[in-house]
Amino acid sequence: MLSILRKARLKDKEMRILMLGLDNAGKTTIVKRIMNEDVNSVSPTLGFIIKTIDYDGYKLNIWDVGGQKTLRTYWKNYFEKTDTLIWVVDATDRERLDDCRQELKGLLVQERLMGASLLVFKNKSDVRGCMNKDEIREGLQLDSIRTHKWHILPCSAMTGANLQEGLQWVVQDAKDRLFLY
Ligand code: G3D
């Protein structure tokens with residue numbers, strides 16, 4: 001049933017994207033950069049922000065939800081109808097990589113997120129000495145994911161690098177799914 005509804009929406013070229021990650025990963029800055037807004041005035045997201053972007057003929061509704069530990073229990077309220085989960089990782093935060101892996105693992109077993117694809121944004125890639133793609137891939141144990149189609153992209157909300165490529169992947173994945181069902 002869920003997949004039929006999802007397909008109907010994809011046919012309408014409308015997608016629901018849930019952007020999650022630990023606090024300070026750069027979620028809000030990514031959304032602002034994509035929207036061409038000022039990225040120097042970002043304050044922590046205490047609730048959620050929804051932004052709609054038109055991309056390649058698709059209407060992308062991006063939900064940016066606060067990632068502080070106290071807010072993570074509310075994440076589940078946003079799972080419904082998610083087409084793509086964008087998991088944002090702070091590539092400079094080695095100390096919390098394990099925490100980051102556990103939070104992601106917890107999401108991927110959620111029934112209401114089954115059927116959603118996963119894009120991992122390795123954010124803050126502009127910072128020298130940050131973790132590389134393989135370190136994040138191994139640290140998050142991405143290769144062991146069997147339940148979701150996934151992809152990892154290094155990006156920077158500061159420079160804007162690879163953000164459009166990320167949206168392109170999201171839209172291409174939606175197009176591919178229309179043929180799969
Ligand atoms: P969040 O929404 O995931 O909690 P924010 O994260 O978007 O609030 O970003 C947290 C901090 O990381 C901000 O710095 C922001 O400027 C910085 N940041 C976000 N993305 C990047 C990036 O790609 N590169 C670099 N170098 N910094 C980034 P402050 O100083 O305001 O806390």
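The values are calculated or read from the model by the stated rules, or taken from the named source; none is laboratory data. Please read these numbers as outputs of a predicted model, since none were measured by experiment. Positions of Cβ are backbone-derived with ideal geometry, glycine not excepted, and every protein chain shown enters the neighbour counts.
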Please state which of the following conditions L18 fails to meet, knowing it meets all the rest: (1) modelled with pLDDT under 90; (2) buried (at least 17 other Cβ atoms within 10 Å of the Cβ); (3) not in a loop (DSSP other than H, G, I, E, B). (1)
Among (1) away from the ligand (no atom under 16 Å from the Cβ); (2) in contact with a Pro (Cβ under 7 Å, 6 or more places away or on another chain); (3) not acidic (D, E) - the single one K122 does not satisfy: (1)
Quick check on this structure: which one of L71, L22, L46, L18 is touching a residue at least 60 places away in the same chain (Cβ under 8 Å) and farther than 20 Å from S125 by Cβ? L18
Identify the single condition in (1) away from the ligand (no atom under 16 Å from the Cβ); (2) surrounded by 19 or more Cβ atoms within 10 Å (Cβ to Cβ) that A157 does not satisfy, given that it satisfies every other one. (1)
Considering only residues of segment 39-54 that are surrounded by 15 or more Cβ atoms within 10 Å (Cβ to Cβ) and within 19 Å of G160 (Cα to Cα), which is nearest to the ligand (Cβ to nearest atom)? V42
Exactly one of (1) free of Cβ contacts under 8 Å to residues at least 40 places away in the same chain; (2) under 20 Å from I53 (Cβ atoms) is unmet by L163. Its number? (1)
Looking for whichever is of a type in the set (A, V, I, L, M) and under 23 Å from D99 (Cβ atoms) here; the options are L153, L163, L167. Which one fits? L153
